[in-house]
Structure formats: C-alpha cells, structure tokens
Amino acid sequence: MPHRTTARAATNLDVPDLVELCLAARAEAGTGSALCTEDDGRLAEHMTTMLGLPGAFVLVAGHGDQIEGFAAGRTGGPTLFSDSVVVDLQVLYVRASARRRGVGHALLVGLVSVAEAAGAAEVVAAPLPGARGVQRFLARAGFQAVAGCRVAGVAALRRRLDQALRPVTGAIARPVTSGIARLVELRRHTLATGEMPAVDSGQDETTRQVSRTVATRLPARSATSTS
C-alpha cells in the first residue's frame, strides 16, 4: 500500500526544484510574468530570499524524493489596526504529470497546519488570472470567491480535508460496465415477455408490470386510443 503524500517545509536544498516548478507554472499561466522572472539565476536568488523572510512559508510535496508541487505565501497580523491573523496563499502549483495523485491535497493540509500554528482564522488565496485549474481546485476545497480572491475558514478547511481522507464505509462499488449489462438484460426481458422483471422493492405485482406497448415504446398509432 503506497504511503500517503505529505507536505513539508522547503529548505535551501529544494531551491533548484522550486525554480523548475516556478518556471513550469509561469509557462502555464496566462500572465506568467506576474508570477516570477524567466531568469532562472535571479529566480533562485528570489526563492532563497523568500525562504528567509519573516512570516513567509514555502511548502513542497511529492512522491518519494521527487518534488511535484509547492505552495508559498505569508502570514500577516495581528497589527495595530486588527487583531486577526490571516494566511495569504500566493502560489499553489502541482506539476501537470502529478495531478490527481494527492499532491495538491497534501499541500493544503500543510497550509492548514501553518495557519493553525499562526493562530489564523482564514486563508486568503489570489490565483493568477487564467489559472483555471487552481481556481477549480480551490473551489472544490471550499474556498469562496470574495472580491477577486478566494477565502476559506481554517477550521472548515481542516474538516473538509480530513473528511476527504476518511474512507467511506458501507458503500458497494458497482462497475459501470455491469450496470450497462444489467440494463441490456432488463430490456431484452421486457421485449420478450412484455413485463418488467420482478424487483425486490416492496412493490406489488401490478406496479412491477408494464404493458408491451409502453415497454417497447411503439409509435402512438399502434396503441389503442379513446377520443
């Protein structure tokens, strides 16, 4: 059984991988220049600086030793004018080849841990214009659109993420192909007998039967009508 993907705080050793991911995100975004420079040397300097900024955080997640995605932002507050603490998620990106494999979920779990440690009540995200994949991902996670940003309460986000990891009990998985085969079987039975097969649903025999005309959906002129 594969291990669950988890996020961790980035270090200076991760800077080359972060530069690669930033450039990939820049290429995908409609306004990539708003994310970072295309000069990988300068970008490495910027990422190193960000790792040392007070209140800044950079999280990485992946499979094994391979970093597949990262999240970066800052925590702000309290200030002279507000007692609240807010986490500002500035970047969230997962490599295209690693999507739908739990990397983005792991980054959000790490983000919630950062927010809880800082005492923040909300997380604010402002995806780049055109980043539709990120917008949809955040919306599914419970982020609500507010004035061009997306906001989620930390407690609600934690519950939603924990619920996504909880296995569903009592559910029976039914392959789609078997369902289609069952429908074909029912159709053949109806055409041959003019009756729907009996189903254990608590209904009486009269309810379970259908006239051959209705079951086979013959044209209206073939049915008896009363004017």
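Length gained on full extension, Asp162 to Glu20, computed as 0.36 nm times the residue gap minus the Cα-Cα distance: 48.1 nm. Shape of the stretch 64-115 from the C-alpha gyration tensor: prolate (a/c of 1.5 or more and a/b above b/c, with a ≥ b ≥ c the square roots of its eigenvalues). The residues Ser84, Ser97, sorted by heavy-atom accessible surface at 1.4 Å with ligands and nucleic acids left out, run Ser97, Ser84 from largest to smallest. Is the stretch 1-151 best put as rounded, prolate or oblate by its Cα gyration tensor, with a ≥ b ≥ c the root eigenvalues, rounded for a/c under 1.5, and otherwise prolate when a/b is larger than b/c, oblate when not? The shape class here is rounded.
Amide H contacts of Gly69: Ala61, Arg95, each under 5 Å away and 5 or more positions distant or on a separate chain (H built 1.01 Å from N in the peptide plane; Pro and chain starts excluded).
Using the Karplus relation 6.51 cos²θ - 1.76 cosθ + 1.60 with θ = phi - 60°, the per-residue 3J(HN,Hα) values for the stretch 12-29 come to 4, 5, 8, 4, x, 5, 5, 4, 4, 5, 4, 5, 5, 5, 4, 5, 7, 6 Hz, with x marking Gly and Pro. Highest mean packing first, where packing is the average number of other Cβ atoms within 10 Å per residue, the peptides 18-29, 53-64 line up as 18-29, 53-64. Net charge around Leu89, counting only other residues with Cβ within less than 12 Å of its Cβ (Lys, Arg = +1; Asp, Glu = -1)? Every neighbour counted, the sum reads 0. The residues neighbouring Thr75, those whose beta-carbon lies less than 13 Å from its own, together hold a net charge of -2 under the Lys/Arg +1, Asp/Glu -1 convention.
The values are calculated or read from the model by the stated rules, or taken from the named source; none is laboratory data. Computed from a predicted structure; not experimentally measured. Note: ideal-geometry Cβ built from the backbone for every residue, glycine included; neighbour counts use all protein chains shown. Please note that ligands, DNA and RNA were not included when accessible areas were found on the heavy atoms of the full protein model with its side chains. Shrake-Rupley method; radii C 1.70, N 1.55, O 1.52, S 1.80 Å.
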